[in-house]
1. Amide H neighbours of TYR84 under 5 Å, at least 5 residues apart or on other chains, H built in the peptide plane: list them.
2. Name the most mobile residue of LYS111, LYS126, LYS137, meaning the one with the largest mean-square fluctuation, in a Gaussian network model of the chain with Cα contacts below 10 Å.
3. Compactness ratio of region 16-102: Cα Rg over 2.2 N^0.38 Å, N = residue count?
4. I want to check the label-to-label distance for LEU55 and ALA41. Put each point 7 Å from Cα in the C-beta direction and report it in nm to one decimal.
5. Please compute P(r) over all alpha-carbon pairs of the chain, binned at 5 Å starting from zero, and give each bin as a whole-number percent.
6. As I understand it, the value is the acute angle between the Cα axis of helix 111-126 and the longest principal axis of the Cα atoms of the chain; what does it come to in degrees, rounded to 10?
7. How large is ³J(HN,Hα) for each residue in region 73-83, as worked out from phi by the Karplus curve 6.51 cos²θ - 1.76 cosθ + 1.60 (θ = phi - 60°), to whole Hz, x for Gly and Pro?
8. Taking +1 at the Cβ of each Lys and Arg and -1 at the Cβ of each Asp and Glu, which of GLY80, ILE114, LEU13 sits farthest along the dipole of the chain towards its positive end, judged by Cα position relative to the Cα centre?
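Throughout, read-outs are computed from the coordinates displayed, never taken from laboratory work. A quick note: this is a predicted structure, and the numbers were derived from the prediction, not measured. Methodologically, a virtual Cβ is constructed for each residue, glycine included, from the backbone with ideal geometry; neighbour enumeration extends over all protein chains shown.
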Amino acid sequence: MLNKYVSEAEVQLRTENEELQQRLAEAEETLYAIRNGEVDAIVVSGTEGSRIFSLTSAETPYRVIIEEMSEGAVIVSANGVVLYCNRRFAGLVSIAQELIVGSLFNQFFPKSDIQKCHDLLQAGLKGKTVGELTFKKTIILNPSICNFH
């Protein structure tokens, strides 16, 4: 009787183990597909019905617009460091994007406009603002030209 009980428990454990291994393999395949961009969305069924979760970011269309527009675009930190620029901005200043990111934004303007640049950035921290600045003709990137405070 004891052997029968042990073998039934063993059979049950092996069956559960096989089911768990199969579920793990499916989960790993799903994660692999998500990581490799093979999945656009996930459908999850719940008590309120099915819900669709998109894996593409809502920012994607905006990023495409910013990258493809004919105007230069720059994202600048509060202390004046360039965090991002689009290809058009890089073209306007004739410097590769990867060299612009991490540099000080004020380096792109003549000394006479540095205060105007600073004021425009400070106004931007408080809300929407508009301004116009003129680029230097020759720009040599130097992280210590003029720091914002």
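1. So TYR84 has HN proximity to ILE75.
2. Evaluated over the chain, the most mobile residue of the options is LYS126.
3. Dividing the Cα radius of gyration by 2.2 N^0.38 Å gives 1.76.
4. Simple spin-label model gives 1.4 nm for this pair.
5. Percent of pairs per bin, in order: 2, 8, 11, 13, 11, 7, 6, 6, 7, 6, 5, 4, 3, 3, 3, 2, 2, 1, 0, 0.
6. Value to nearest ten degrees: 40.
7. Karplus values, whole Hz, x for Gly and Pro: 10, 9, 10, 10, 6, 4, 9, x, 8, 6, 9.
8. ILE114
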